[in-house]
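Below: one structure, written as C-alpha cells.
The values are calculated or read from the model by the stated rules, or taken from the named source; none is laboratory data. These numbers were taken from a predicted model, which means no experiment stands behind them. Because the Cβ atoms are built from the backbone with ideal geometry, glycine has one as well, and the counts that use them run over all protein chains shown. These accessible areas exclude ligands, DNA and RNA; they are computed on the full protein's heavy atoms, side chains included. Shrake-Rupley method; radii C 1.70, N 1.55, O 1.52, S 1.80 Å.
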Amino acid sequence: MSAGSTVATTNSTGWPKVQNQYSGKYLQPNNLLSITVNRTINLYPLTNYTFGTKDALFEKDPSVPARFQRMRDEFEKIGMRRSVEGVLLVHEHRLPHVLLLQLGTTFFKLPGGELKAGEDEMDGLKRLMSETLGHQQPDSVANEWTVEDTIGNWWRPNFEPPQYPYVPPHITKPKEHKKLFLVQLPEKALFAVPKNYKLVAAPLFELYDNAQGYGPIISSLPQALSRFNFIYM
C-alpha cells in the first residue's frame with residue numbers, strides 16, 4: 001500500500017469511517033467531504049519540461065464544411081459524437097499557465113479529440129494525449145498521464161460551430177458531447193510536439209474573458225479551474 005493511503009471501515013450508524021494507517025485516527029464524514037471538495041493540484045515550472053518535435057499531425061477533415069458533413073454521416077450510424085480534451089497546467093513565476101496547441105497565428109486548441117465508438121473516456125483521453133504529445137521513449141510523458149478530475153461538459157446542439165456548457169431545452173439529440181479533464185503533470189516530462197503545431201503556455205489572466213482570442217471553451221478555463229487549490233512546486 002502506498003504512503004498516505006487510507007483504509008475504509010464502517011460504524012454502527014452506517015457512515016463510512018476512514019482510518020489513516022499511520023495516525024490510527026478516524027476521519028468522519030465531514031472530513032471525507034473536505035478531502036473530496038478541497039482539491040489540490042501541484043504545478044511545476046515550465047522550465048521543468050522538455051519539448052521536441054515529431055511528424056505533423058493533421059485533422060481528419062480538410063475543411064470545416066467537411067468536418068460537419070462527416071459528423072452528420074456518423075450521427076446517422078453511431079449517434080452523438082463524444083470527444084475529450086486534456087487541460088495541462090504549469091506555472092511561470094507562480095502564475096498558472098495552460099498548455100495549448102497553436103495552429104497558424106490565431107487558432108488554439110487543447111490536446112485531445114474524438115473517442116472511438118464504445119471507447120472509455122479515460123482510456124481514450126490517454127490515447128489521444130499520447131498521439132498528440134507523447135514520445136515512444138521510456139521517460140516519455142505519455143507513460144505518466146494522470147487524469148485528476150472533470151472540469152467541464154460542453155454540448156454541440158447542431159451540426160454547426162456553436163457549443164454550450166448545457167443542453168439547450170429544445171434540443172433532444174445533441175450532436176456532440178465534449179468533456180474536459182484536468183491532467184496532473186509529473187514533475188518533469190518530455191513532450192513531442194507535431195511540427196505543424198506550436199505548444200504555447202497561456203497564462204490564465206490572458207484567457208480570462210477572452211473568447212474573441214481563444215473561443216468560449218478555452219476562455220472559460222480560469223473560472224472552471226478556480227475551484228482548485230494550486231501548490232507551486
Residue in segment 145-160 that is farther than 30 Å from Gln212 by Cβ, modelled with pLDDT under 95 and more than 13 Å from the chain's Cα centre (by Cα) present: no
Pairs where the first residue, in segment 190-209, is touching a residue at least 24 places away in the same chain (Cβ under 8 Å) and farther than 18 Å from Leu128 by Cα and the second is open to solvent by 40 Å² or more (accessible area, probe 1.4 Å) and assigned to a strand (DSSP E or B), C-beta under 6 Å, 6+ apart: Pro203/Leu95
Matching strands (runs of 3 or more DSSP E) fully within segment 108-202 where at least 1 residues are in contact with a Lys or Arg (Cβ under 7 Å, 6 or more places away or on another chain), among the acidic types (Asp, Glu) and under 23 Å from Ala224 (Cβ atoms): 112-114, 146-156, 176-184
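Yes/no matrix, rows are residues, columns are (1) open to solvent by 70 Å² or more (accessible area, probe 1.4 Å); (2) of a type in the set (D, E, K, R); (3) at pLDDT 95 or above:
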| position | (1), (2), (3) |
| --- | --- |
| Tyr164 | yes, no, yes |
| Val167 | no, no, yes |
| Lys178 | no, yes, yes |
| Ala192 | no, no, no |
| Ala201 | no, no, yes |
| Phe205 | yes, no, yes |
| Tyr208 | yes, no, yes |
| Leu221 | no, no, yes |
| Phe230 | no, no, no |
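Within segment 90-132, can you find the residues that are β-branched (Val, Ile, Thr) and modelled with pLDDT of 95 or more?
As a first pass, look at segment 90-132 and keep what is β-branched (Val, Ile, Thr): 90, 98, 105-106, 132.
Result: Val90, Val98.
Per-residue answers, yes or no, for (1) surrounded by 12 or more Cβ atoms within 10 Å (Cβ to Cβ); (2) in a helix (DSSP H, G or I); (3) modelled with pLDDT of 90 or more:
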residue	(1), (2), (3)
Leu32	yes, yes, no
Thr47	no, yes, yes
Phe51	yes, no, yes
Phe58	no, no, no
Phe68	yes, yes, yes
Val84	yes, no, yes
Leu88	yes, no, yes
